[in-house]
Amino acid sequence: MKRKLLLITLIFLFISGLFAQTRDFGKILLFQTNEVLNSRCSDIDELSDFLGEAQTIVSDFNKADELGDGFIFFAFRPVKKSAVWFYLPNADEKQLEQLKTKLLSITPCTVQGGPVAIAISNLEDPAQQLTFPKEWMAAVEESGNNGLEVSDLLNRIWPSEITKAEKTNLLKLIKKFKKEKDFSNESLQKYSDIVEYAVLSDIIKISINSECWPEEVSNTEYGSMFMLAYICGNLEKQLNSGEYANAQEEGIKFELEKYKQLKKIDKNISISFFEDML
């Protein structure tokens, strides 16, 4: 059962130049096409740094060669999340839990648009000897043994979610921005995490068009501030409701509130898009 029925789009590639191909988990396998990988994980240096740190942790952990031969599987998804699975049949489960904790402490790669999977191995010919973790195999069996594309498989065993900590942090930042009266670009940088999350998340749905951010708004010196306000209002509605669908009306309401604040600071400002709503 080791290799049958698996992953319709499974592709084995070795990244040359990242590591020496040693017995110390230095061989790398990718499971998605170049097109998918390039669209989701465009920073090869960041991926290289992650794998380098992972290999160092595994090497330090495995000085007595207690892990044996096999594979360590990683997956990344927005926003800065990672997961780890093992196929190391000779390793002790308690050891693997300790190793997993260490590997999950590495800063994940930045990906967008969906999950990315990768594995490292210490086998001579990992593509020919590939065996998947039990969690992966169970997901394939549950699908009816018809094969799964990697993204579908990962979504089954590792669903995308917004953690309680992420939600708390984002809502805290949005609340802080509501009171913000410094609209300089330097000040807005304090809220860059909001924008990054909204852009990279595969759960949050935010659409931007001329109805919510017309040219007369975007072309002002406060264009970036209004964009952030729209994102905040839209995102806040989704986080509080748990309904992840574009909330354009709430985004525009947030923009209007910031415009009211701005008018108290800049008496001469007049933007008809907002004036018509006052």
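For this structure, a couple of remarks:
- Of the candidates 126, 108, the single residue that is modelled with pLDDT under 90 and either buried (at least 20 other Cβ atoms within 10 Å of the Cβ) or not polar (S, T, N, Q) (or both) is 126.
Residue by residue, here is whether (1) open to solvent by less than 40 Å² (accessible area, probe 1.4 Å); (2) more than 22 Å from the chain's Cα centre (by Cα); (3) among the hydroxyl-bearing types (Ser, Thr, Tyr); (4) more than 30 Å from residue 115 (Cα to Cα) holds:
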| position | (1), (2), (3), (4) |
| --- | --- |
| 197 | yes, no, yes, no |
| 208 | no, no, no, no |
| 215 | no, yes, no, yes |
| 218 | yes, yes, yes, yes |
| 222 | yes, yes, yes, yes |
| 225 | yes, yes, no, yes |
| 231 | yes, no, no, no |
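- Test: residue in the stretch 19-31 that is out of contact with any helix residue (DSSP H, G or I) (no Cβ under 9 Å at 6 or more places or on another chain), among the hydroxyl-bearing types (Ser, Thr, Tyr) and either farther than 13 Å from residue 126 by Cβ or at pLDDT 85 or above (or both): no
- Each residue in the stretch 79-95 was checked for being open to solvent by less than 20 Å² (accessible area, probe 1.4 Å) and under 15 Å from the mean Cα position of the chain (by Cα), and 3 of them qualify.
- For the stretch 159-175, the count of residues that are more than 21 Å from the chain's Cα centre (by Cα) and within 27 Å of residue 241 (Cα to Cα) is at least one.
- Residue match in the stretch 64-74 (condition: β-branched (Val, Ile, Thr), under 24 Å from residue 131 (Cβ atoms), surrounded by 15 or more Cβ atoms within 10 Å (Cβ to Cβ) and modelled with pLDDT of 95 or more): yes
- Any hit, the stretch 192-211, residues being free of Cβ contacts under 8 Å to residues at least 24 places away in the same chain, in contact with a Phe, Trp or Tyr (Cβ under 8 Å, 6 or more places away or on another chain) and either on the phi > 0 side of the Ramachandran plot or outside any loop (DSSP other than H, G, I, E, B) (or both): no
- Residue check: residue 238 meets all listed conditions (1) touching a Lys or Arg at 6+ places or on another chain (Cβ under 9 Å); (2) polar (S, T, N, Q); (3) part of a loop (DSSP other than H, G, I, E, B) but one, namely (3).
- The stretch 139-158, residues that are under 24 Å from the mean Cα position of the chain (by Cα) and either within 17 Å of residue 71 (Cα to Cα) or of a type outside the set (S, T, N, Q) (or both): 139, 140, 148, 149, 150, 152, 153, 154, 156, 157, 158
Residues are listed down the side, and each one gets a yes or a no for (1) buried (at least 16 other Cβ atoms within 10 Å of the Cβ); (2) touching a Cys at 6+ places or on another chain (Cβ under 8 Å); (3) not in a helix (DSSP H, G or I):
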| site | (1), (2), (3) |
| --- | --- |
| 136 | yes, no, no |
| 140 | yes, no, no |
| 154 | yes, no, no |
| 169 | no, no, no |
| 172 | no, no, no |
| 177 | yes, yes, no |
| 182 | no, no, yes |
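- Within the stretch 241-253, if we keep just the residues that are in contact (Cβ under 8 Å) with a residue 40 or more places away in the chain and either in a helix (DSSP H, G or I) or not hydrophobic (A, V, I, L, M, F, W, C) (or both), the residue that is least open to solvent (accessible area, probe 1.4 Å) turns out to be 251.
The values are calculated or read from the model by the stated rules, or taken from the named source; none is laboratory data. These figures come from a predicted structure and were not determined experimentally. In this analysis, Cβ positions are derived from the backbone assuming ideal geometry, glycine residues included, and neighbour counts consider all displayed protein chains. Ligands, DNA and RNA are stripped out before the accessible areas are found, and what is left, the full protein with its side chains, is counted by its heavy atoms. Shrake-Rupley method; radii C 1.70, N 1.55, O 1.52, S 1.80 Å.
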